[in-house]
Amino acid sequence: MKVFSKLWVFGLLILGLAVPCYAEKIVVEGSTTVLPIAQKAAEVFMNSNPGADISVRGGGSGVGIASLIDGTCNIADSSRPIKDTELDKAVTNGRSPKANVVAMDGICVIVHPLNTVEALTGKQVKGIYTGKISNWKDVGGSDEKIVVISRDSSSGTFEAFGELALKGEKVRPDALLQASNQAVASTVSRTPGAIGYVGLGYLTSSVKAVDVDGVKASKETVLTGKYSIGRPLFMYTNGAPKGLVKQFIDYILSPEGQKLVEEEGFVGLK
Amino acid sequence: MKRVLTVVVLIGSMALNLGIRPSYAGEIDILLQKLVDKGVLTPGEAQQIGTETKEQVKSEIAAGKYSSLPAWVQNTKLKGDFRLRFQNLHEKNTNDISKNTTIGRIRMRLGLENKVNDKIKVGIGIATGSGDPRSTNITLGGSQAKKTIILDYAYGKYDPLSWLSFTGGKMLLNDVLWEPTDLIWDTDITPEGAAIGINKTLSPKTSVFLTAAPLVIVDDTSTTSGAMAYLVQPGINYAINDNLSLKGAVTYEYFETKDTAASSYSKGQNTKNGTSYEYNYSNLNPALEFSIREPFKALGLNIENLKFFGEYVNNLQVSDKNNGFSTGFQFGNAKIEKWGDWQFRYIYAMLEKDAVLDILPDSDRYSGKTGIRSHEGILTFGLGKNTNLGIDVYRSWNIVGTSAKAPETLLQVDWNMKF
């Protein structure tokens, strides 16, 4: 019985240690696409609000939404709308996910400025990136091999392009992978037969953006949903945001916050 | 701002009233576009209002659907699974004579969890089986005889706080302890007694858990001493970064078995004094699991998850033949959810004869005995939503005394269906 008593004392001691007190703070978790917006906004927000403690981590949209349902995060970053199965689980757990759109993700398809191709269909873009089309003459251009430039698989832009333009199919294995939007734009500007894609915020005069399905990529066409390679980015909260969560989301939606959104290569809502 | 708020309220009310008809989503888009054209809204505001409204409608419909169900349905979760198994056991006995046994088995489990109120739940589960604490399988045959259904678990759970729970009854193993392998506890065991559980997030990267449980283990309740066990398990989850994480725990388990009549489910390997156990079992059991997300991404290999794990056990009450360990790895998809998802798991295990009480370890590893060494490889392949194929192979042998190894190879091919 002595052993038994010692065990329970040990258990109670650990119980005591495991229950420390906390100051108010918020946890933001989820989409790796939304991660740079959340990280940058949290950094600037905490600088001007020293009492605020905002912890930001990735993991993916599904992980963020699962954490919101389980109550282990306050804001779930997501690059897609919540699924019906997730909503059902949330409701049975007594949660009511509230969508807060904080930015738009718009991706331009770019070519070398001297390329005669001005427009592509979504099907042609998919064909080029999945390996079914390999020469510019097959899409109305000159007889020249297409040099396919893509972002590396760790980037959110790669993930978004794969979902929106390639409908989940894989990028051809001979594509040249670049680590940043700037590197893609730079490679395309130096390679006459190249095609690449960059976030709308990274479009420069050294490359030419081609229309997709007859729509020119612009802030307006992305915001109105007319341009097909675009999507809203979400921060889901449990019910309407309150307290520090509300202050943080309001900051991201403010002109200053939306400027940060555009600096990170996304399309601001303002 | 007032203008935008007015539009939000109007569109929101309209959408919620009409949300049951999907065609109205298109009409909302047209209305928002007109407001953009007239300069009432910017395209960004229209996008924000339109998207958030559609999401709100989805949320309200889900909530409405849920609240329209009868209260008992809202408060009850039903779950279960069915497994069809082909099994072949190849044994070589001490005289080096081989024996092959091929059988078909089924396992059905059906469970429900009912919310009594916001803080209390009751869980009840039935399953096929004969009463063996380590198995809910039933072997096919016996002239098509009807098979027996047993009570698998029945518990009450009180969650006074989000991080604190009290459970009592015949409980689910997960409510009592965490283990990276089934070295000590077969995963089919549903422990009996009570448990206090704490699971607290300390920071975005760190959470701790603690379980303390008095358990009724040995089925001889005729004596006043023994028949009980006490368990305490403090543990930690630590995310090193987005791709690396650790889970670890140190369990102390004390089984008051000395001079208690051996369980009818004992596999006969523990040291006995006549028909009673010779020793108490006082196990110290550290365990660790290390997970890596997308470990071979740099090489272009699409392996979602890689885990390394291991645990060690020492029976502090005995000085000889009192150790055990298991170690292994797992890679593939983190979960088997659809066609083509796959996972491979390997475990090497060693248990000396008095390392643990021999009514507890995995019943498929050398029939659940102690005094063994074993390799195990499991390949699971997703056949579709909620269904998969599992191939589990054990190669195990005896390490007790100077007797022959008597090795055995167990092959199990399972078709699993969950609902």
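The values are calculated or read from the model by the stated rules, or taken from the named source; none is laboratory data. This one's a predicted model, so the numbers in the text were calculated from it and none came from an experiment. When we count neighbours, we look across all protein chains shown, and the Cβ atoms used for this are built from the backbone with ideal geometry, even at glycine.
Can B:Asp152 be described as of a type in the set (Asp, Glu), closer than 27 Å to B:Ser264 by Cα and in a strand (DSSP E or B)? Considered against the rule, which asks whether it is of a type in the set (Asp, Glu), closer than 27 Å to B:Ser264 by Cα and in a strand (DSSP E or B), B:Asp152 comes out as yes.
Put simply, of B:Leu389, B:Leu357, B:Leu316 the only residue that is of a type outside the set (Asp, Glu) and buried (at least 16 other Cβ atoms within 10 Å of the Cβ) is B:Leu357. Among the residues of the range A:220-243, just one is aliphatic (A, V, I, L, M) and over 16 Å from A:Val102 (Cβ atoms), namely A:Ile229.
Regarding the range B:231-254, can at least one residue be identified that is under 21 Å from the mean Cα position of the chain (by Cα) and aromatic (Phe, Trp, Tyr)?
Within the range B:231-254, one or more residues are under 21 Å from the mean Cα position of the chain (by Cα) and aromatic (Phe, Trp, Tyr).
When the range B:131-167 is filtered for residues that are surrounded by 13 or more Cβ atoms within 10 Å (Cβ to Cβ) and among the small types (Gly, Ala, Ser), the ones remaining, listed by number, are B:Ser135, B:Ala154, B:Gly156, B:Ser165. Restricting attention to the range B:57-74, the residues being facing chain A (nearest Cβ under 8 Å) and surrounded by 20 or more Cβ atoms within 10 Å (Cβ to Cβ) number 2.
Quick one: which of B:Thr76, B:Thr6, B:Thr53, B:Thr42 is over 22 Å from A:Asp84 (Cα atoms), at pLDDT 85 or above and not basic (Lys, Arg)?
B:Thr42
For A:Leu269, the requirement of being touching a strand residue (DSSP E or B) at 6+ places or on another chain (Cβ under 8 Å), assigned to a loop (DSSP other than H, G, I, E, B) and within 13 Å of chain B (Cβ to nearest Cβ) is met.
The number of residues in the range B:384-404 that are more than 20 Å from the chain's Cα centre (by Cα), assigned to a loop (DSSP other than H, G, I, E, B) and touching a residue at least 40 places away in the same chain (Cβ under 8 Å) comes to 4. Looking only at the range B:183-214, filter to residues that are in a loop (DSSP other than H, G, I, E, B) and of a type in the set (A, V, I, L, M); which one of those is nearest to the other protein chains (Cβ to nearest Cβ)? Among those that are in a loop (DSSP other than H, G, I, E, B) and of a type in the set (A, V, I, L, M), it is B:Ile184.
Contact map, the range A:165-185: first residue under 18 Å from A:Val210 (Cβ atoms), second residue among the aliphatic types (A, V, I, L, M), Cβ cut-off under 6 Å, separation 6 or more or different chains; pairs are A:Ala165/A:Val125; A:Ala165/A:Ile229; A:Ala175/A:Val148; A:Asn181/A:Val198; A:Val184/A:Ile149; A:Val184/A:Val198; A:Ala185/A:Val198; A:Ala185/A:Val207. Screening A:Glu220 on (1) under 30 Å from B:Val36 (Cα atoms); (2) out of contact with any Pro (no Cβ under 6 Å at 6 or more places or on another chain); (3) within 14 Å of chain B (Cβ to nearest Cβ) shows it passes everything except condition (2).
The set of residues in the range B:68-94 that are assigned to a loop (DSSP other than H, G, I, E, B) and over 30 Å from B:Leu140 (Cα atoms) comprises B:Ser68, B:Leu69, B:Pro70, B:Asn75. Which members of the range B:105-149 meet the condition of being assigned to a strand (DSSP E or B) and among the small types (Gly, Ala, Ser)? Selection gives B:Gly111, B:Gly123, B:Gly125, B:Ala127. Once the range A:106-147 is narrowed to residues that are outside any loop (DSSP other than H, G, I, E, B) and of a type in the set (Ser, Thr, Tyr), the residue that is surrounded by the most Cβ atoms within 10 Å (Cβ to Cβ) is A:Tyr129.
So, B:Ile372, is that one within 23 Å of B:Ile189 (Cβ to Cβ) and either buried (at least 18 other Cβ atoms within 10 Å of the Cβ) or of a type in the set (Val, Ile, Thr) (or both) or not?
So B:Ile372 fits the description; yes.
Restricting attention to the range B:164-182, the residues that are more than 23 Å from B:Phe308 (Cβ to Cβ) and either touching a helix residue (DSSP H, G or I) at 6+ places or on another chain (Cβ under 6 Å) or away from chain A (no Cβ under 14 Å) (or both) total 7.
Out of A:Lys98, A:Lys89, A:Lys132, A:Lys83, I need the residue that is facing another protein chain (nearest Cβ under 8 Å) and farther than 20 Å from A:Ser218 by Cα. Which one?
After ruling out the rest, the residue left standing is A:Lys98.
Taking the range B:27-48 as the range and being more than 9 Å from chain A (Cβ to nearest Cβ), of a type in the set (Val, Ile, Thr) and in a helix (DSSP H, G or I) as the test, the residues that pass are B:Ile28, B:Ile30.
When B:Ile378, B:Ile347, B:Ile391, B:Ile372 are checked against the criterion of being touching a helix residue (DSSP H, G or I) at 6+ places or on another chain (Cβ under 8 Å), closer than 27 Å to B:Pro407 by Cβ and among the β-branched types (Val, Ile, Thr), B:Ile372 stands alone in meeting it. Among the residues of the range A:58-100, the ones that are assigned to a loop (DSSP other than H, G, I, E, B), within 27 Å of B:Val73 (Cα to Cα) and modelled with pLDDT under 85 come to 2 in all. Yes or no: A:Asp77 in contact (Cβ under 8 Å) with a residue 60 or more places away in the chain, touching a Ser or Thr at 6+ places or on another chain (Cβ under 7 Å), farther than 26 Å from A:Asp213 by Cα and of a type in the set (Asp, Glu)? Yes: the conditions hold for A:Asp77. Quick check on the range A:26-66: of everything there that is surrounded by fewer than 19 Cβ atoms within 10 Å (Cβ to Cβ) and small (Gly, Ala, Ser), which residue is nearest to the other protein chains (Cβ to nearest Cβ)? Across the range A:26-66, the extreme among qualifying residues is A:Ser55.
What single numbered condition from (1) polar (S, T, N, Q); (2) in a strand (DSSP E or B); (3) touching a residue at least 60 places away in the same chain (Cβ under 8 Å) fails to hold for A:Ser150? Every listed condition holds for A:Ser150 apart from (3).
Conditions tested, residue by residue: (1) under 20 Å from A:Ser78 (Cα atoms); (2) of a type outside the set (Phe, Trp, Tyr); (3) in contact (Cβ under 8 Å) with a residue 24 or more places away in the chain; (4) away from every other protein chain (no Cβ under 11 Å).
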| residue | (1), (2), (3), (4) |
| --- | --- |
| A:Thr187 | no, yes, yes, yes |
| A:Ser206 | no, yes, yes, yes |
| A:Lys216 | no, yes, no, yes |
| A:Arg231 | yes, yes, yes, no |
| A:Gly257 | yes, yes, yes, yes |
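Taking the criterion of being without any contact (Cβ under 8 Å) to a residue 60 or more places away in the chain and out of contact with any Gly (no Cβ under 7 Å at 6 or more places or on another chain), the residues of the range B:260-272 that qualify are B:Ala261, B:Ala262, B:Ser264, B:Lys272.
Among the residues of the range A:164-198, write down those that are outside any loop (DSSP other than H, G, I, E, B), touching an Asp or Glu at 6+ places or on another chain (Cβ under 9 Å) and among the hydrophobic types (A, V, I, L, M, F, W, C). Selection gives A:Leu164, A:Leu177. Within the range B:78-97, at least one residue is among the aliphatic types (A, V, I, L, M), within 25 Å of B:Asn386 (Cα to Cα) and more than 14 Å from chain A (Cβ to nearest Cβ).
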